[in-house]
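Some notes on the structure that comes next.
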Amino acid sequence: MFYRLLAALALVVSPLAIADTVWLDNGDRITGRIELLDRGRLVVFTEFAGEVTIDVNRIRTLESDQPLLVKRADQAESALSILPSTVPGQIRVVNGLPDAYEVTLGSIDQMMVPQPLIKDWLLEGNADVAVFIKEGQVDERDLALRGKTRVRHGDWRHSLAGNFERYYLDDVKNRDLWQTSYDLSWFFDEQWFLQSAWNYQRDRIGWVSRRTQLGIGPGYEWWNTTLSRFETAARIDRVEMVERDGTEREFEALGLEWDFRRYMLGKRFELFHRAETLIPSDPSVRYIIDTELGLRYMLNSWASLNLLTEWDYTDSTTDADIDDIRYRFGLGISW
């Protein structure tokens with residue numbers, strides 16, 4: 001009797017005891033937390049299997065006790081909860097009206113959990129590794145390690161990133177650099193923020209051996225949902241550069257930056273794009289571009305395969321132009 005009481009108590013306090021439920025057309029039932037519905041695919045986080053993606057056409061009905069944002073055609077509304085329907089392929093939406101109303105699952109473009117007001121600590125990030133080894137007439141070895149994490153607490157957001165790259169061609173080192181950056185953003189409005197940024201790069205092969213960058217300026221978060229995120233920022237930066245021959249340069253620059261992320265096919269794929277453009281006051285440098293475009297294929301809720309393209313470009317009035325494009329494929333983890 002005592003053990004039965006403990007088991008019953010465990011069910012009561014379990015976070016999945018008050019869970020969402022999805023009924024499939026084959027009679028199976030999946031219990032968890034609904035995270036996202038997009039382009040005909042429903043993503044449910046379960047206790048034992050992690051994230052599960054379900055074809056909406058195979059869903060008979062579902063229920064959820066959490067608030068959800070439902071988008072159909074050109075309208076969006078907030079649902080207080082979702083009730084199961086007796087009609088296959090439909091749900092009943094509760095939005096504060098006296099009676100719940102029927103909605104066809106196939107008519108829903110997107111359904112997601114609204115972003116909550118951030119009061120507690122929120123941590124997210126990823127780390128990737130790419131290794132390439134080729135032996136033949138020309139031997140190549142390439143190693144790239146990169147990681148980024150964001151911590152949000154109330155109106156403050158901390159972002160820390162690091163990058164290490166080393167490339168050998170016939171045992172001759174052609175690329176050897178590491179880079180780290182730290183951004184501190186203060187959200188003084190729901191979408192507006194003030195960003196201060198610090199970046200340091202050490203290159204043992206390239207023409208610019210060291211670069212330190214410190215700046216501050218406003219930014220705007222255009223949207224941040226379970227499905228995607230996009231923000232832009234403009235800063236006034238102070239840049240200090242040391243070239244390979246020992247020449248030192250110091251100048252101010254206008255920095256323009258944007259960051260985009262978009263999940264596709266539920267959360268199976270993630271498209272991400274980040275770019276920064278510097279327009280310096282130094283007459284010998286017209287502009288500097290640092291950008292990346294990548295795609296992640298999520299193997300599960302934390303592991304992924306990554307395809308990444310990086311482009312570093314410097315347009316100068318001298319012969320010190322830089323035009324470096326790199327393609328990488330590797331493994332990653334997310335949290």
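On inspection, residue 86 passes the criterion of being more than 24 Å from residue 302 (Cα to Cα), loosely packed, with under 12 Cβ neighbours inside 10 Å and modelled with pLDDT of 85 or more.
Note on segment 223-255: among residues that are within 30 Å of residue 112 (Cβ to Cβ) and modelled with pLDDT under 95, the one that is farthest from the chain's Cα centre (by Cα) is 223. Taking the conditions (1) surrounded by fewer than 14 Cβ atoms within 10 Å (Cβ to Cβ); (2) touching a residue at least 24 places away in the same chain (Cβ under 8 Å); (3) closer than 30 Å to residue 109 by Cβ in turn, residue 299 satisfies each one other than (2).
The residue that is farthest from residue 243 (Cα to Cα), counting only those in segment 276-300 that are more than 13 Å from the chain's Cα centre (by Cα) and among the hydroxyl-bearing types (Ser, Thr, Tyr), is 291.
Yes or no, residue by residue, for (1) in contact (Cβ under 8 Å) with a residue 24 or more places away in the chain; (2) more than 22 Å from residue 36 (Cβ to Cβ); (3) assigned by TED's automatic domain parsing to the domain that holds residue 273:
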{"site": "60", "(1), (2), (3)": "yes, no, no"}
{"site": "75", "(1), (2), (3)": "no, no, no"}
{"site": "92", "(1), (2), (3)": "no, no, no"}
{"site": "108", "(1), (2), (3)": "yes, no, no"}
{"site": "171", "(1), (2), (3)": "yes, yes, yes"}
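Checking each residue in segment 182-193 for being surrounded by fewer than 17 Cβ atoms within 10 Å (Cβ to Cβ), closer than 21 Å to residue 148 by Cα and of a type outside the set (Ser, Thr, Tyr) picks out 184, 186.
Taken over segment 156-184, the residue count meeting the criterion of being farther than 21 Å from residue 201 by Cα and at pLDDT 90 or above is 2. Close Cβ contacts (under 6 Å, 6 or more residues apart or on different chains) running from residues in segment 38-55 that are in contact (Cβ under 8 Å) with a residue 60 or more places away in the chain and closer than 15 Å to residue 300 by Cβ to residues that are small (Gly, Ala, Ser) and in a loop (DSSP other than H, G, I, E, B) comprise 43/266; 50/301; 51/301; 53/266.
Residue by residue, here is whether (1) outside the structural domain of residue 78 (by TED's automatic domain parsing); (2) closer than 17 Å to residue 286 by Cα; (3) of a type outside the set (D, E, K, R) holds:
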site	(1), (2), (3)
219	yes, no, yes
234	yes, no, yes
250	yes, yes, no
253	yes, yes, yes
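Just one of the listed residues (128, 38, 20) is crowded, with 17+ Cβ neighbours inside 10 Å and in the same structural domain as residue 163 (by TED's automatic domain parsing), and it is 128. Annotation note: of 318, 309, the sole residue that is outside any strand (DSSP E or B) and either in contact with a helix residue (DSSP H, G or I) (Cβ under 8 Å, 6 or more places away or on another chain) or surrounded by fewer than 16 Cβ atoms within 10 Å (Cβ to Cβ) (or both) is 318. The set of residues in segment 53-74 that are under 22 Å from residue 26 (Cα atoms) and either polar (S, T, N, Q) or surrounded by 17 or more Cβ atoms within 10 Å (Cβ to Cβ) (or both) comprises 53, 54, 56, 57, 59, 60, 61, 62, 63, 64.
The values are calculated or read from the model by the stated rules, or taken from the named source; none is laboratory data. Note that the structure is a prediction, hence the values are computed from the model and not measured. So basically every Cβ, Gly included, is an ideal-geometry build from the backbone, and we count neighbours across all protein chains shown.
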